[in-house]
Amino acid sequence: MVLQLLLLPLYLSGALGLGGHAARNGNGFSFDINSGPQKQRDTSTKDARDVEFSTDGGTPFHHPYETQRIGADGPLLLQDVHLTELFGAFDRERIPERVVHAKGAGAHGYFEVTNAEFAKKYTMMDVFSENGLKTPITVRFSTVGGESGSADEARDPRGFAMKFRTRKGIWDLVMNNTPVFFIRDPSKFPHFIHTQKRNPHTHLKDKNMFWDYLSSNPESVYQAMRLFSDLGTPYGFTHMDAWSGHTYRWIKEGGEWVYVRIYAESHQGVKNFTNAEATKMQGENPDFATQDLYERIEKGDYPGWTMYAQILTPSDAQKFKYNVLDLTKQWFAEDVKPVEIGKFYLTQNPSNYFAEIEQAAFSPSKLVEGWGPSADPVLQARLFSYADTQRYRLGVNYQQIPVNCPLNAVANFERDGAMNVLGNQGARPNYLSTMDPIKLPVRPYIDDTHQKWTGGAVSSLAAITEIDFDCPRRFWKSLSQKDKDCLISNLVGHLGQASDEGIRKRQVALFNHVDSELGKGVAKGVGVTIEGSLEFGNGPTWYNTTKEAKGSTVNY
């Protein structure tokens with residue numbers, strides 16, 4: 001019911017909604033063209049016993065199973081429009097699944113501010129402007145690599161996407177249950193995802209492809225270690241934390257800004273399956289996480305998280321041990337203190353999964369005043385890619401779908417296109433008119449005095465340096481001996497299935513460079529020997545000039 005209120009009626013005058021000016025100058029007859037859509041929204045909330053079967057056009061129809069044919073054994077009749085309408089709709093029920101994050105579940109709820117004093121020191125974001133302010137949200141959880149019918153408990157990172165319906169517009173916060181990712185150069189993303197999916201020749205998951213990519217791109221080693229620890233098989237969707245991963249900017253009214261990363265801590269606590277438990281669950285109930293989320297909310301056991309912000313000023317970022325634009329680096333709590341800013345809870349299951357979750361569209365390009373992108377190159381690419389995939393899946397007017405629709409007015413010059421159902425912005429000019437000018441809001445801040453770059457057009461590719469092994473070493477040292485043993489066992493079970501010995505040796509050498517105990521344990525399990533040791537120098541992650549790479553990355 002709540003989401004159905006998001007499509008606020010637009011009242012248009014005109015004869016049957018067409019040629020409005022002629023109607024106003026004629027006999028005065030007018031018709032609200034939105035009364036039909038509103039009727040369908042109302043009907044969608046009723047029980048089956050309270051509605052009558054009909055065709056797509058609303059005409060009552062006597063029985064859904066009947067067909068028209070000649071006699072008892074003759075052919076069907078083309079005039080049976082009910083049958084052709086039925087199959088025409090059925091043939092088009094599936095929309096393209098997401099290339100990544102295809103399998104998922106979600107729910108609705110609210111975010112509540114708990115520390116406006118802190119947030120207002122650094123940002124003008126209205127969503128954080130007052131303690132106790134509640135903002136309606138939709139959250140979608142997902143696996144990354146699997147198809148829409150794959151198991152929830154596959155070893156995979158989990159998506160954790162949030163849509164805030166703020167008073168100043170839609171804000172999407174697209175997170176994962178991991179603080180880092182496998183890449184920091186955006187052009188690598190399609191290549192990486194291809195290796196996580198199916199071999200184009202065999203149409204099978206391919207361990208050689210999987211580890212060929214990871215072993216030739218050493219910046220992935222920290223994320224690979226997190227993935228093959230038990231963190232890679234979380235107990236459903238509610239027992240996991242979430243991170244923005246990317247570095248963003250919090251911006252104040254005057255244009256001053258700081259770097260920020262967001263972290264969400266589960267109130268349910270972090271809980272994971274072992275590899276054996278996850279494998280068993282995939283066979284017994286591949287929709288375990290989806291079912292667990294739904295049933296928790298249905299019985300009133302609303303899952304919640306506390307949201308924290310980590311702040312670095314531009315000057316602090318210059319002195320920070322990691323490049324703040326590097327998606328493969330974590331801001332550890334002991335390095336950058338997380339400060340609580342709010343809590344959020346999921347309290348409402350969707351009344352229709354397809355309408356409210358499958359059609360939910362998330363993109364980091366959905367920005368609000370006070371929240372801006374950093375120069376993180378993967379984030380910069382996602383600003384386009386995420387919105388564009390929704391234009392492909394759902395159509396150019398996907399933001400008119402109720403779950404994606406903002407609560408405040410939309411007024412611009414983007415018109416027409418398939419499935420434009422909210423009045424197409426009426427009779428207003430579809431260009432910047434001087435005869436009927438649109439109001440222009442005050443510019444919230446000026447960026448050109450606070451953010452500047454210099455340099456030429458660089459063909460950029462990151463370089464591997466010794467600092468790239470700092471996060472994985474810190475992670476390894478944080479594990480208990482039991483967790484270390486599980487990580488080695490999980491790696492051996494997967495990497496050991498890669499038939500190419502050169503790939504296994506290359507990956508083992510990287511693990512050995514992280515820690516000799518890790519390297520020796522994996523080497524023994526996958527049947528390779530460690531030959532020599534790797535050496536990496538120090539230096540910048542990205543250069544201010546073009547550097548030639550002999551392999552997948554500079555210096556490796």
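The values are calculated or read from the model by the stated rules, or taken from the named source; none is laboratory data. Values in this document were obtained by computation on a predicted structure and should not be read as measured data. FYI the Cβ positions are ideal-geometry reconstructions off the backbone, even for glycines, and counts take in every protein chain you see. Note: accessible area is taken over every heavy atom of the protein model, side chains too, but ligands, DNA and RNA are not part of it. Shrake-Rupley method; radii C 1.70, N 1.55, O 1.52, S 1.80 Å.
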Please name all residue pairs, on different chains or six or more residues apart, with Cβ atoms under 6 Å, provided the first residue is in the stretch 82-100 and is part of a loop (DSSP other than H, G, I, E, B) and the second residue is open to solvent by 70 Å² or more (accessible area, probe 1.4 Å) and modelled with pLDDT of 95 or more. none
Of the numbered conditions (1) touching a His at 6+ places or on another chain (Cβ under 7 Å); (2) part of a loop (DSSP other than H, G, I, E, B), E253 satisfies every one except a single condition; which is it? (1)
For residues that are open to solvent by 20 Å² or more (accessible area, probe 1.4 Å) and at negative phi, scanning just the stretch 99-110, find the one that is modelled with the highest pLDDT. Y110
Number of the condition not met by D326 [criteria: (1) modelled with pLDDT of 95 or more; (2) open to solvent by 10 Å² or more (accessible area, probe 1.4 Å); (3) charged (D, E, K, R)]: (2)
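Out of the residues in the stretch 290-308 meeting the condition of being within 20 Å of the chain's Cα centre (by Cα) and open to solvent by less than 30 Å² (accessible area, probe 1.4 Å), tell me which one is nearest to A375 (Cα to Cα).
M307
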Condition met for F192 (surrounded by fewer than 22 Cβ atoms within 10 Å (Cβ to Cβ) and aromatic (F, W, Y)): yes
Residue list for the stretch 309-323, restricted to those being touching an Asp or Glu at 6+ places or on another chain (Cβ under 9 Å) and either open to solvent by 60 Å² or more (accessible area, probe 1.4 Å) or closer than 24 Å to K188 by Cβ (or both): F320, K321, Y322
Given (1) outside any helix (DSSP H, G or I); (2) in contact with an Asp or Glu (Cβ under 9 Å, 6 or more places away or on another chain); (3) not β-branched (V, I, T), N424 misses just (1)
Look through Y345, Y386 and report the one residue that is open to solvent by 30 Å² or more (accessible area, probe 1.4 Å) and out of contact with any strand residue (DSSP E or B) (no Cβ under 6 Å at 6 or more places or on another chain). Y386
For the stretch 262-272, state whether one or more residues are among the small types (G, A, S), exposed (fewer than 14 other Cβ atoms within 10 Å of the Cβ), at pLDDT 95 or above and not in a helix (DSSP H, G or I). yes
Quick one: in the stretch 53-77, of everything that is among the charged types (D, E, K, R) and surrounded by 10 or more Cβ atoms within 10 Å (Cβ to Cβ), which residue is farthest from E356 (Cα to Cα)? R69
Which ones in the stretch 111-135 are in contact with a helix residue (DSSP H, G or I) (Cβ under 9 Å, 6 or more places away or on another chain), in contact (Cβ under 8 Å) with a residue 60 or more places away in the chain and open to solvent by 10 Å² or more (accessible area, probe 1.4 Å)? N115, F118
Considering only the stretch 294-394, give the strands (runs of 3 or more DSSP E) lying wholly within it that have at least 3 residues that are of a type in the set (S, T, Y). none
Expected single match for farther than 30 Å from I137 by Cβ, assigned to a helix (DSSP H, G or I) and open to solvent by 50 Å² or more (accessible area, probe 1.4 Å) among D448, D470, D485 is D485
What are the pairs with Cβ atoms under 9 angstrom where one residue, in the stretch 285-299, is among the basic types (K, R) and the other, located anywhere, is surrounded by fewer than 19 Cβ atoms within 10 Å (Cβ to Cβ)? Sequence gap at least six, or different chains. R296/Q268; R296/Y302
Looking at A498, A418, A463 in this structure, which one is open to solvent by 30 Å² or more (accessible area, probe 1.4 Å) and modelled with pLDDT of 90 or more? A418
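Would you kindly identify the strands (runs of 3 or more DSSP E) lying entirely within the stretch 114-218 that contain at least 1 residues that are under 30 Å from Q400 (Cβ atoms) and among the acidic types (D, E)?
Answer list for the stretch 114-218: 169-176.
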Consider only pairs whose beta carbons are under 6 Å apart and that are at least six residues apart or on different chains; among these, list those whose first residue lies in the stretch 229-252 and is closer than 18 Å to I297 by Cβ and free of Cβ contacts under 8 Å to residues at least 60 places away in the same chain and whose second residue is crowded, with 21+ Cβ neighbours inside 10 Å and not basic (K, R). Y235/F273
Determine which member of the set E535, E531, E548, E517 is open to solvent by 50 Å² or more (accessible area, probe 1.4 Å), in a helix (DSSP H, G or I) and not polar (S, T, N, Q). E517
For residues that are surrounded by 14 or more Cβ atoms within 10 Å (Cβ to Cβ) and of a type in the set (D, E, K, R), scanning just the stretch 275-289, find the one that is nearest to D376 (Cα to Cα). D287
